[in-house]
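Have a look at the structure below, then the notes.
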Amino acid sequence: MNIIEIRDLTIQFPLRNGTITAANHVDFDIPEGKITGLVGESGSGKSTMASAILRVVTSPGKITSGSIIYNGYDAKDNVKKDILKFNNAELQRFRWKEVAMVFQAAQNALNPVVRIDEQIIETVQEHVDMSREEILKKASDLLDYVRLEPERILKSYPHELSGGMKQRVMIAFSLLLDPKFLILDEPTTALDVITQDYIFDILTKIHKERGITMLLQTHDIAVVAKVADRIGVMYAGEVVEVGDIYEVFEDP
Ligand code: ADP
Ligand code: ADP
């Protein structure tokens, strides 16, 4: 089954002298329980397509055609399936809880002047009704899970942590509300090779042990070759090839 089915998705950025079509009538499926890699050079449209899934396309981008069907809800939930038609209440229920994203340079998403524990509590309480104690307990378990020392991390300010540590904090953070699907946008691009491998170990563990579906966007083919079950290749706003690693990288 596909957890996400993107059909005919077009996203344009109006500019002063024309338009950029960042996604051009894209069809793309994301199978449940697998790691799908999305590769393509910088500017090919990977981030824009993924941001549409969470409905966080950056301004002034506009979705001008298409649908994104989400199959993660049970039939008995009786909710709309097309993410592009979700209203605010539906989006609120969808973001973090169904689908979470670790943004590119996610570490920069941390507020430099607020302690990690306070940031986590504040963000979670914006979305769900959980007590401070519950949130801290869950955050500690997840930090431990991504091989960080919970006591130390929770009491730190972001500048006291390395890039790799911050990235792991963001991965733990993305898992706080038990999403079924995790979008990772260049999760290791800013990090050294050793730290990259370490983070991919952790992501593979999360995938195996929790069965979370993942979409991994990167320009680094070596990275997806290591972890992805299936690969889509984007070029100039179009998904030009989809298949397993051997199909996609075999000589024509
Ligand atoms: P990738 O993630 O593959 O690097 P992006 O989705 O970031 O690609 O970009 C796709 C295209 O959309 C590029 O041509 C980029 O310049 C354009 N684009 C992305 N965001 C904006 C924006 N906020 N304003 C104008 N153009 C944008
Ligand atoms: P804001 O500053 O209003 O939170 P953002 O652009 O950061 O706006 O996020 C837009 C929406 O996407 C918010 O409702 C936010 O909760 C949600 N969001 C932000 N980060 C994530 C994430 N990592 N996973 C899922 N949803 C997210």
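So the label point goes 7 Å from the Cα of Leu84 along Cα→C-beta, right? Which residues of region 35-67 then have their backbone N under 19 Å from it?
45-67
If I require 15 Å or longer along the helix axis, counting alpha carbons, and a Kyte-Doolittle average no lower than -1.0, what helices from the chain are left? Use full DSSP H segments.
Those that clear 15 Å and a mean of -1.0 are 116-127, 132-145, 163-174, 193-210.
Accessible area, 1.4 Å probe, largest first: how do Lys166, Lys34, Lys76 sort?
Lys76, Lys34, Lys166
If you add up the charges near Glu5, with Lys and Arg at +1 and Asp and Glu at -1, over every other residue whose beta carbon is less than 12 angstrom from its beta carbon, what do you get?
Counting the neighbours of Glu5, the net charge comes to -3.
Taking the dipole about the Cα centre of the chain, with the C-beta of Lys and Arg at +1 and of Asp and Glu at -1, give me whichever of Val193, Val99, His25 is farthest to the positive side.
Highest projection toward the positive end goes to Val99.
Over 23 Å between Cα atoms, which of Lys137/Lys166; Lys62/Lys180; Lys138/Lys208; Lys34/Lys226; Lys166/Lys205 qualify?
As for pairs spanning more than 23 Å Cα to Cα, those are Lys62/Lys180.
Rounded to the nearest 5, what % of the DSSP beta bridges within the chain are antiparallel ones?
The antiparallel fraction comes to roughly 55 percent.
Would you mind classifying region 75-116 by shape? Square roots of the alpha carbon gyration tensor eigenvalues, ordered a ≥ b ≥ c; an a/c under 1.5 is rounded, otherwise it is prolate if a/b is larger than b/c and oblate if not.
It comes out prolate by the Cα gyration axes.
For the chain, with only Lys/Arg (+1) and Asp/Glu (-1) charged at the beta-carbon, what is the dipole magnitude about the Cα centre, in debye rounded to 20?
In total the dipole reaches around 680 debye.
Taking a 1.4 Å probe, which of His25, His207 shows the most accessible area, and what order do the others take after it?
His25, His207
Quick check: from the Cα gyration tensor, does region 17-107 come out rounded (a/c under 1.5), prolate or oblate?
prolate
In region 16-96, what percent of the accessible surface is made up of carbon and sulfur (1.4 Å probe, ligands and nucleic acids excluded)?
Solvent-exposed carbon and sulfur of region 16-96 make up 46 percent of the total.
So what is the 222 nm mean residue ellipticity for the chain from helices alone, if each DSSP H run of at least 4 adds -39500 (n - 2.57) and you divide by all residues, rounding to the nearest 500 deg cm²/dmol?
-10000 deg cm²/dmol
Nearest 20 debye, what's the magnitude of the dipole of region 1-134 about its Cα centre given +1 on Lys and Arg Cβ and -1 on Asp and Glu Cβ?
500 debye
What is the extension gain from Ile194 to Arg115, computed as 0.36 nm multiplied by their sequence separation minus the C-alpha to C-alpha distance, in nm to one decimal?
25.7 nm
Grab the eigenvalues of the alpha-carbon gyration tensor for the chain, scale each by 5, take roots, and send me the semi-axes largest first in whole angstrom.
29, 22, 18
Order Lys138, Lys46, Lys208, Lys226 by their accessible area, 1.4 angstrom probe, all chains in place, largest first.
Lys208, Lys226, Lys138, Lys46
If I ignore ligands, DNA and RNA and count only protein heavy atoms, how much of Ile121 is accessible to a 1.4 Å probe, in Å² to the nearest 10?
Approximately 10 Å² for this residue.
The values are calculated or read from the model by the stated rules, or taken from the named source; none is laboratory data. From a predicted model like this one, the values you see are computed outputs, not experimental measurements. For neighbour counting, all protein chains shown are included, and Cβ atoms are generated from backbone atoms with ideal geometry for every residue, glycine included. Remember, those area values only see protein heavy atoms, side chains included, never the ligands or the DNA or RNA. Shrake-Rupley method; radii C 1.70, N 1.55, O 1.52, S 1.80 Å.
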